[in-house]
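Worksheet: the structure to be examined is printed underneath.
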Amino acid sequence: MAVSTSFAGAKLEALLSRSSSSAATTSSTASSGSCLVGSVRPIRSRRLQIQRGVRCEVAASSDASAAAVQSVASNISALEQLKTSAADRYTKERSSIVVIGLSIHTTPVEMREKLAIPEAEWPRAIEELCGLNHIEEAAVLSTCNRMEIYVVALSQHRGVKEVTEWMSKTSGVPVSELCQHRFLLYNKDATQHLFEVSAGLDSLVLGEGQILAQVKQVVKVGQGVVGFGRNISGLFKHAITVGKRVRTETNIAAGAVSVSSASVELALMKLPAPSHATARMLVIGAGKMGKLVIKHLVAKGCTKMVVVNRTEERVASIREELKGIEIIYKPLTEMLTCAAEAYVVFTSTASETPLFFKDDVKALPAVGPETGGLRLFVDISVPRNVGSCVADVDGARLYNVDDLKEVVAANKEDRLRKAMEAQEIITEESKQFEAWRDSLETVPTIKKLRAYAERIRAAELDKCLSKMGDDISKKTRRAVDDLSRGIVNKLLHGPMQHLRCDGSDSRTLSETLENMHALNRMFSLETEISVLEQKIRAKVEQSQK
């Protein structure tokens, strides 16, 4: 439902101030006015600008008519004035799904750190967001690479403004800075974005799987939280389905796309499969690249390795982070001793001269047959840590960064092809979600129609029972009541069937919406009760307590 943005905020403030002071204020004059409302012009980007020109003509009133007008006005609540005033009516358009986001693509880490919301605080954040005047539902997706807030907004402009101000208030980052880095997406674009995020298409490493687990966690944490409503929960659950389907049908996560992951993948490719679990791994260097190599080894099932580094501090930090993994520290002076016992040697130091020369490797003992009799040197350092002459040593195989780049490039190209396939899946799933959301429009009509029929049934039942007198038995009363319910249910069965739709068939959906509008007209059901009006009612009642 799109709402007149500036007008709605002003009206809300007026209502609240009016309700709090109405009991103590007495009017001595009355006026009547007529308002001319300008046209509503839709523009691209799915926003509405409502231009209103208001011309009021004030006429003097006699004391008697003033008293009468004052009496009538006192009987009309602020909410009723809002609903009956022609100038104050809201347009009957559906609420918008909006994402206000800051990600690694648009925002520096210093700002993302300030904006990050711990998982334990997500429920509180959702409740606070839904307390804003124009926000109906909300969800928070906060990770190391992104901070995105998804909302169902009754007004796009007002909703974005309120959420941005809330983000500024909770993080301490000025609104002006947030606006420089944030991105805004609406409805179909917001839906497609979340589906791409869940599928790993928006990640630094294309197709990575961690983000899908984080999207699942949003749903898990949101269960039972009042503001995690039908539209938002449906969106995130559908995003999980999309993420799973993309990974299953395209296998986009397969293949290393970084030098560190490629080094591990290449080493395991060269080792006989049965030796993967028992192969002795040596990592020389515990810097950024060395740490990534260790993590990729762990991800591939390695539970024990030796790490050579100048100091133990970094190795201890990695050991603390990767609990349950046996990481043995050795100083740099013991490097050749450790290499003699290793099947695979990864080098990733900042040394400007090689650590291994031909004579060093020649002096190492031969490797057992379980690894094919070969000792692998995987050098991911620049400058190189292993001299090129090592490749001439029998029983040794040397791979450097250039060898790995070919693996990475091939995998990246493959992932890009798979990403195009994933986009086709996302487009298909986005249409299904939009159709499902369209089908939700009939729910208020179903409820209203049932309530309308029940009021008539109850009134006619009372008339019938009163005519039958007080001496009729409980059994007879129950039989008449059951009869009335049966008649109503059978009469409603046809209309209800034509209002239900799973959203998968566009033709059926179109017919369903036509049926809904027809029933609204025939029975004056007025299904579009503004949620904003409900919020105003609640705020007015709260202010009167």
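Brief remarks follow.
- Residue ID - most open to solvent (accessible area, probe 1.4 Å), chosen from residues in the stretch 284-306 that are within 15 Å of GLU265 (Cβ to Cβ) and not in a helix (DSSP H, G or I): LYS300
- Any hit, the stretch 333-346, residues being crowded, with 20+ Cβ neighbours inside 10 Å, outside any loop (DSSP other than H, G, I, E, B) and not hydrophobic (A, V, I, L, M, F, W, C): no
- The set of residues in the stretch 245-275 being at pLDDT below 90, farther than 27 Å from SER381 by Cβ and open to solvent by less than 30 Å² (accessible area, probe 1.4 Å) consists of ILE252 alone.
- Single match in ILE211, ILE240 (criterion: modelled with pLDDT of 95 or more and of a type outside the set (Gly, Ala, Ser)): ILE240
- Every pair of residues 6+ apart whose Cβ atoms lie under 7 Å, when the first sits in the stretch 291-303 and is under 15 Å from TYR343 (Cα atoms) while the second is assigned to a helix (DSSP H, G or I) and open to solvent by less than 60 Å² (accessible area, probe 1.4 Å): LEU297/VAL264
- Spans of strands (runs of 3 or more DSSP E) in the stretch 112-219 with at least 3 residues surrounded by 17 or more Cβ atoms within 10 Å (Cβ to Cβ): 135-142, 146-153
- Any pair with Cβ under 7 angstrom, 6 or more apart, that starts in the stretch 99-124 at a residue that is among the basic types (Lys, Arg) and ends at one that is part of a strand (DSSP E or B): ARG112/LEU102; ARG112/MET147
- Enumeration of residues in the stretch 359-372 that are within 55 Å of the chain's Cα centre (by Cα), open to solvent by 50 Å² or more (accessible area, probe 1.4 Å) and not small (Gly, Ala, Ser): PRO369, GLU370
- Filter result (closer than 19 Å to LYS288 by Cα and open to solvent by 20 Å² or more (accessible area, probe 1.4 Å)) within the stretch 373-387: VAL382, PRO383, ARG384
- Residues of the stretch 261-283 classified as part of a helix (DSSP H, G or I), more than 13 Å from LYS300 (Cβ to Cβ) and touching a Lys or Arg at 6+ places or on another chain (Cβ under 9 Å), total: 1
- ILE446 within 30 Å of LEU194 (Cβ to Cβ) and in contact with a Leu (Cβ under 7 Å, 6 or more places away or on another chain): yes
- Flag set for PRO383, criterion: in the same structural domain as ILE294 (by the TED database), touching an Asp or Glu at 6+ places or on another chain (Cβ under 6 Å) and outside any helix (DSSP H, G or I).
- Here the stretch 451-486 is the region considered, the condition is being open to solvent by 40 Å² or more (accessible area, probe 1.4 Å) and β-branched (Val, Ile, Thr), and the residue that is farthest from LEU519 (Cα to Cα) is THR476.
- Verdict on THR349 being assigned to a loop (DSSP other than H, G, I, E, B), open to solvent by 50 Å² or more (accessible area, probe 1.4 Å), in the same structural domain as VAL264 (by the TED database) and out of contact with any helix residue (DSSP H, G or I) (no Cβ under 6 Å at 6 or more places or on another chain): no
- In the stretch 241-254, the residues that are at positive phi form Cβ pairs under 9 Å with partners that are crowded, with 20+ Cβ neighbours inside 10 Å and at pLDDT below 90, at six or more places apart or across chains, as follows: ASN251/GLY207; ASN251/LYS418.
- In the stretch 388-403, of all residues being open to solvent by less than 40 Å² (accessible area, probe 1.4 Å) and part of a loop (DSSP other than H, G, I, E, B), the one that is nearest to ARG375 (Cα to Cα) corresponds to GLY395.
- Residue list for the stretch 220-260, filter: among the polar types (S, T, N, Q) and not in a helix (DSSP H, G or I): GLN223, ASN251, SER258
- So THR278, is it β-branched (Val, Ile, Thr) and out of contact with any Gly (no Cβ under 8 Å at 6 or more places or on another chain): yes
- Which numbered condition ARG417 fails, given (1) free of Cβ contacts under 8 Å to residues at least 24 places away in the same chain; (2) open to solvent by less than 60 Å² (accessible area, probe 1.4 Å); (3) basic (Lys, Arg): (2)
- When LYS539, LYS545 are checked against the criterion of being surrounded by 12 or more Cβ atoms within 10 Å (Cβ to Cβ), modelled with pLDDT under 75 and not hydrophobic (A, V, I, L, M, F, W, C), a single residue qualifies: LYS539.
The values are calculated or read from the model by the stated rules, or taken from the named source; none is laboratory data. This is a predicted model, so every value here is computed, not measured. Backbone-built Cβ (ideal geometry, glycine too); neighbour counts: all protein chains shown. Heads up: the accessible areas ignore ligands, DNA and RNA and are worked out on the full protein's heavy atoms, side chains in. Shrake-Rupley method; radii C 1.70, N 1.55, O 1.52, S 1.80 Å.
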